[in-house]
Structure formats: C-alpha cells, structure tokens
1. When Lys and Arg each count +1 and Asp and Glu each count -1, what net charge do the other residues less than 11 Å away from Gly310, Cβ to Cβ, add up to?
2. For Glu370 and Glu253, what does the FRET efficiency come to when R0 = 41 Å and r is the distance between their Cβ atoms, rounded to the nearest 0.05?
3. If I stretch the segment between Glu159 and Tyr321 completely, what's the gain in nm (0.36 nm per residue apart, minus their alpha carbon distance), one decimal?
4. Kindly provide the GluC sites (Glu not before Pro) of region 248-282 that DSSP labels as loop, not H, G, I, E or B, and whose Cβ sees at most 16 other Cβ atoms within 10 Å.
5. If you count only protein heavy atoms and use a 1.4 Å probe, how large is the accessible surface of Leu416, to the nearest 10 Å²?
6. Assuming 0.36 nm per residue, please report the length gained on full extension of the stretch Arg79 to Thr138 beyond their Cα-Cα distance.
7. Please list, in order along region 397-404, the HN-Hα scalar couplings obtained from phi with the Karplus expression 6.51 cos²θ - 1.76 cosθ + 1.60 (θ = phi - 60°), rounded to whole Hz, x for Gly and Pro.
8. Could you please state, rounded to a whole Å, how far the C-alpha centre of region 229-255 is from the C-alpha centre of region 84-146?
Amino acid sequence: MKCVIFIAILALYTVHGLKTIQKGYFNTISVEPIEYGAGRNYYNAGIRKSIICKGGDKNQKVEWIDPSGVVVPRVSTNRVFVQEHFVPSYRARVPAAVLVFTHATVEDSGIWECRAGGKKRELSLCIIDPAEFVDTPTEVTVDLGRSITLTCQARGGPEPTLVWYRSGEIVVEDSASSKYVVTTKFNSQGFEGLLTIRSLEREDSGIYTCSAIQASPHDEDCTANKSTNITLNINYAPVFSDGNDTNVVFVKENENAELTCSVEAYPEPTYRWFKEVGSDLSEIPQTEIRVAEDGSKAVIILKVEKSLFGQRFVCRATNQYGNVDKVFAIQKLEKPQAPIELNINNSSYNSVQLRATWEEEAFYQVAGVEIQYVQAIALITLPKLEEDTSYWLRIRAINEAGWSSWSAPVKGATELKPEVEDIEESPIIEESHDFFARLYGLLFAGGVLVIAFGSMFIVRLV
C-alpha cells in the first residue's frame with residue numbers, strides 16, 4: 001500500500017513539474033554570449049558581428065533595443081538592423097531576432113537589450129578602435145647635463161589618454177625640483193604626450209613607457225590599454241662602478257688572479273690593459289682580454305708567481321667622451337693577525353657586542369671571525385648567553401690562508417632581563433565563552449531531536 005501511494009505521488013510531481021517547465025522554463029528568452037577572445041574585452045571597430053536572441057514561445061515577438069532606448073528596425077540596408085528567424089526548440093519552432101552590425105563603430109558600445117513576451121535580457125557590448133602610435137621614436141640619445149622632451153602620439157577611438165611610466169611607476173611633475181614636466185596637446189595626428197626631463201644625469205637613462213588608455217563613455221567596463229617604449233640613452237664618459245680607488249687583489253702563490261674592470265659608459269667603451277714596468281706601462285695583448293658582450297666589463301686572468309707580488313696593473317676604459325684608469329695591485333694572501341684591541345661596545349640581557357680593531361695598514365683580508373666566551377672557567381658553547389652574567393671573551397680571524405692567533409681576552413657582562421607584566425585573562429570573558437559554548441551545544445542537541453521526531457512522524461504517515 002505504501003509503495004502504491006509513493007508511486008502516485010511521484011507521478012503527480014512529475015506531471016506538475018513538466019507543466020511548470022513548459023510554462024516557466026521554456027517561456028523565456030536567451031541571448032548569445034559575447035566572446036571577445038583570449039586576453040581581450042572588446043571587438044575591433046569595423047568588424048561585422050551578429051548576435052542572436054531566442055524567444056521562449058512561438059507566439060512571442062522578439063526585438064532588440066539599442067543603448068539609447070530605440071527599437072532596432074528590420075531594415076537590412078541600415079548599418080545596424082535586425083533579422084527575424086525561427087529556430088528549433090522544445091516541441092516547436094520559436095522566434096529569434098538576430099542583431100546585425102555590418103560595420104561596428106565605437107558608438108555601438110553600451111548596453112543592448114532583447115525583449116520577448118514581457119521578459120528581457122541585457123547585453124554589454126564593447127567596440128574600440130585600438131590606439132596606434134604615430135611619429136613616436138623608439139630610441140633617443142642626448143648628452144649628459146642637457147634636457148630632453150620625449151614625445152608620444154596616439155590616435156584611436158575612444159580618444160586615448162596618455163600616461164608616462166618609468167620602472168612601473170607613473171611619472172608625475174616634480175614641482176619641488178622641476179625634474180619632470182608632463183603635458184598633453186592635440187594635433188592632426190591625435191593626442192600627443194610630452195615628457196620633459198631636465199638636467200639629465202646618468203641615472204635618467206633607461207626605458208620610458210607611454211601608455212594610451214581608452215575608456216568608453218557608454219560603459220565603464222569597456223576599456224583598452226596599449227603601450228610603447230622609448231629608450232633614453234645619455235652620453236657620458238666611462239665611470240668605474242666601484243670607484244677609482246686602487247683595487248688590492250689578494251691571492252695565494254701559484255694560483256690564478258682574475259682582475260675585473262667594470263665601468264658604466266655610453267657609448268660602449270673600449271678597454272686596454274697595462275702592466276706597470278717602472279714608470280712605464282707595457283700593454284697586454286688584446287687576445288688576453290675578455291670583454292663582456294654588453295661592454296660593461298673587461299677581465300684578464302693572471303698566473304700569480306712570486307715575482308708578481310707587489311706588481312700593479314692598469315685598466316683603461318675609453319669612449320668619445322673621455323677615458324678613465326683604474327689600478328689593480330697584486331698582494332700575497334697571508335694569514336690575518338690578531339686584533340690589536342678588543343672592547344665591549346654594547347650589551348643586553350642575552351648578548352654582548354664586541355669592537356675589534358686591527359692595524360690601520362694591514363695587507364691581508366679578514367673573511368670571518370671566531371669568538372670564544374667563557375663563564376668563570378668553563379667553556380660556554382650555548383647559542384644564547386645567560387642574563388646578569390660575567391664572561392671572558394676573545395676573538396680570532398680567518399681567511400683562505402688560515403687562522404690568526406687569539407686576541408687578548410676581555411671581560412664583559414650581560415644585564416638583567418627587563419620585567420614584563422603578565423596580563424591575566426578576564427574571568428568575565430571566560431564565563432562568556434563558556435556560556436555561548438553551552439548555548440550552542442543545547443541548540444545543536446535540540447535540532448537533532450527535532451529532526452529525529454520529524455522523521456518518525458513522516459514515516460508513520462507513509
């Protein structure tokens with residue numbers, strides 16, 4: 001008996017559902033979705049485009065409304081018109097209206113609406129004539145200390161707004177130093193953006209980006225952005241990246257020494273290497289010099305024998321704006337000496353800061369140091385010091401040649417750890433948390449009981 005009742009209810013639900021679908025689901029309209037393509041949110045102006053709107057009932061009248069609220073006529077000679085069709089659907093053919101753009105323009109952007117049987121669907125359409133850059137250079141060269149105005153012209157629809165960028169940041173006028181002046185003007189080619197850079201420095205060289213941003217006044221989501229780069233080169237004489245001071249190169253006997261001469265310059269410099277022989281310079285053959293592809297550095301490799309210790313080599317970088325020399329002195333790498341002085345510079349409750357001093361004129365490198373610290377007599381190797389404790393400390397240095405001897409020990413001490421007041425949790429908050437926990441538990445249990453009793457009642461009815 002229960003099975004028969006269940007089947008009858010299922011059949012009644014199925015018939016009622018089908019009627020609902022026929023009256024509700026199929027009595028509607030659908031609009032073909034817009035697909036601009038990967039990475040785009042607009043159609044190019046000038047394209048031919050058709051968009052179908054399907055009705056839900058064969059007796060419906062389907063029509064398109066343009067963004068200004070006017071019904072689009074069924075006149076095939078118009079630039080924009082509607083074609084009427086009937087398309088297969090459930091149980092019958094239903095009417096459809098095809099919106100046709102024979103030559104889409106920027107003014108077609110906006111919200112279009114399809115209506116049928118008292119229902120409507122909206123469609124956002126974006127048409128853009130992408131910006132084109134005209135009479136815009138890709139590279140500009142100017143002398144150091146001068147001023148330059150970079151120009152960028154773009155035309156398109158909607159009319160583009162021009163914005164300048166440098167290293168990903170917008171370039172704005174600097175009213176304090178008047179470094180940058182940004183202006184825009186309109187001419188026969190379209191909008192022209194001007195960026196004036198005054199008192200050029202070496203750091204001003206690089207890539208400047210001009211972006212043409214287009215935004216439709218009919219739809220805030222209808223936008224496009226196109227950019228072009230302008231490389232600014234600044235002419236200047238070579239400058240050493242690490243300064244003009246003599247570079248002391250420490251090396252072990254019978255090992256190779258790599259001497260690297262790095263400069264910044266434009267145009268790209270040429271390099272020559274020399275070996276000092278008394279007061280004269282003996283040029284090293286160009287075949288022994290390795291120059292980087294971008295001209296930023298030149299390297300020579302020397303097999304260091306005992307006779308080369310104390311020898312000096314000179315790198316000379318030259319372009320049409322000047323030349324510069326740098327001296328490299330070869331020194332034997334020896335073990336460092338112990339610091340001549342060791343002082344306590346600062347301390348806290350778990351650390352001590354040391355100040356180690358070596359001789360002012362020391363011809364060796366210090367690559368690292370080792371510190372020992374002892375409490376009373378025992379050696380302490382813990383990572384943290386104990387608070388309010390005295391220590392004896394000493395230090396030694398290391399490089400590739402070996403360790404120095406230990407310095408004389410000094411005595412230091414840590415301080416007392418600052419007291420931090422404990423903040424007790426408020427018992428009122430804890431009681432509040434317990435109250436809500438109990439309340440949620442009761443509500444959950446009550447819900448389970450209601451569901452259980454309801455299920456038993458339904459089973460008894462069936």
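1. Summing Lys/Arg as +1 and Asp/Glu as -1 gives +2.
2. Efficiency at R0 = 41 Å is approximately 0.95.
3. Fully extending the segment from Glu159 to Tyr321 adds 54.0 nm.
4. Glu253, Glu255
5. 120 Å²
6. Contour length minus Cα-Cα distance gives 17.3 nm.
7. Those phi angles translate into 10, 9, 9, 5, 7, x, 8, 7 Hz.
8. Region 229-255 and region 84-146 have Cα centres spaced 55 Å from each other.
The values are calculated or read from the model by the stated rules, or taken from the named source; none is laboratory data. All of these numbers come straight from a predicted model, not from anything done at the bench. With ideal geometry, Cβ positions are generated from the backbone for all residues, glycine too; neighbour counts draw on all protein chains shown. Each accessible area value is taken on the protein alone, full model and side chains, heavy atoms only, with ligands, DNA and RNA left out. Shrake-Rupley method; radii C 1.70, N 1.55, O 1.52, S 1.80 Å.
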